[in-house]
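Inspection log for the structure reproduced underneath, given as structure tokens.
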Amino acid sequence: MAQVARIAPSILSADFACLGDAVDTVAPEADLLHVDVMDGHFVPNLTIGPPVVRSLRKHTDLYLDCHLMMTNPGKYLEAFRSAGANGCSVHVELGETETLIAEMRHLGLDAGLAVNPDTPFEAFAEHLDKIDLVLLMTVFPGFGGQTFMAEVMPKVRRTREEIDRRDLPVAIQVDGGIDEDTAPIASEAGATVFVAGSAIFGQDDPVEAARRIRAAADRAGWEPSTTAG
């Protein structure tokens, strides 16, 4: 059976002056709300933190999926949990991965592991049985509106094959340049959660844009091989 796509609109591309209205607009086609947190150090951009998550939590019941592009995420995990985050993803490139995963578990957060485009499969494979989600970046993190990197797809496929081989309950999320044209490419490789910013919030009809991305991803969904298990 093909995997079913889940859509995670990224508020990085929303109008922050009317963020609540923007979230309400996409809610009918959103499975998660993706919150890009950048510290200006791990990546060359500065965005938002727990206060915005707290405001969102008061406004919506959507799952808040926080991608922590931060040098010291461990110092802030409790703040994000207290603000209302459901899950956080930390970067494997930081090191101390097992400690960060254990802290997320201790706090009751769903545990995600984010991976840059040039980071190999071997750098995170050993952690797949400890997490809920692996975020395979399809651009280098830091800015929205970048071009999708198809060269990441072999890593997506290998990750999907490993997850299926070990029968792990781990979602594969992709983020970067995802739209109606690229979502099927990632879906065919094995991704199931699709982060889209400008391809949703930058459109005249954001909810229809999200619907079309979901439909395109579903049509091309990963079909497990008969040898996977």
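The values are calculated or read from the model by the stated rules, or taken from the named source; none is laboratory data. Note that the structure is a prediction, hence the values are computed from the model and not measured. When we count neighbours, we look across all protein chains shown, and the Cβ atoms used for this are built from the backbone with ideal geometry, even at glycine.
Just wondering, is there one or more residues in segment 34-52 that are outside any helix (DSSP H, G or I), more than 22 Å from Met137 (Cβ to Cβ) and either out of contact with any helix residue (DSSP H, G or I) (no Cβ under 9 Å at 6 or more places or on another chain) or among the polar types (S, T, N, Q) (or both)?
Within segment 34-52, not a single residue is outside any helix (DSSP H, G or I), more than 22 Å from Met137 (Cβ to Cβ) and either out of contact with any helix residue (DSSP H, G or I) (no Cβ under 9 Å at 6 or more places or on another chain) or among the polar types (S, T, N, Q) (or both).
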Would you say Thr60 is surrounded by 15 or more Cβ atoms within 10 Å (Cβ to Cβ) and of a type in the set (Val, Ile, Thr)? yes
Report every pair of residues separated by at least 6 positions or lying on different chains whose Cβ atoms are under 9 Å apart, first residue within segment 26-46 and under 13 Å from His91 (Cα atoms), second at pLDDT 95 or above and among the charged types (D, E, K, R). Asp36/Asp175; Phe42/Glu93
Whichever residue in segment 19-57 is closer than 20 Å to Leu109 by Cβ and among the β-branched types (Val, Ile, Thr) and, among such residues, is surrounded by the fewest Cβ atoms within 10 Å (Cβ to Cβ): Val52
The residue that is farthest from Thr147 (Cα to Cα), considering only those in segment 190-225 that are part of a helix (DSSP H, G or I) and in contact with a Phe, Trp or Tyr (Cβ under 7 Å, 6 or more places away or on another chain), is Ala217
Inside segment 5-25, can you point out the residues that are assigned to a helix (DSSP H, G or I) and touching a residue at least 60 places away in the same chain (Cβ under 8 Å)? Ile11, Leu12, Ser13, Ala22, Thr25
Where a residue in segment 179-195 is crowded, with 22+ Cβ neighbours inside 10 Å and acidic (Asp, Glu) and its partner, wherever it lies, is assigned to a helix (DSSP H, G or I) and at pLDDT 95 or above, with Cβ under 8 Å and at least six apart: none
Of a type outside the set (Ser, Thr, Tyr), modelled with pLDDT of 95 or more and at positive phi: is that true of Gly108 in this structure? yes
Residue tally, condition touching a helix residue (DSSP H, G or I) at 6+ places or on another chain (Cβ under 8 Å) and either acidic (Asp, Glu) or more than 20 Å from Ala171 (Cα to Cα) (or both), over segment 69-92: 12
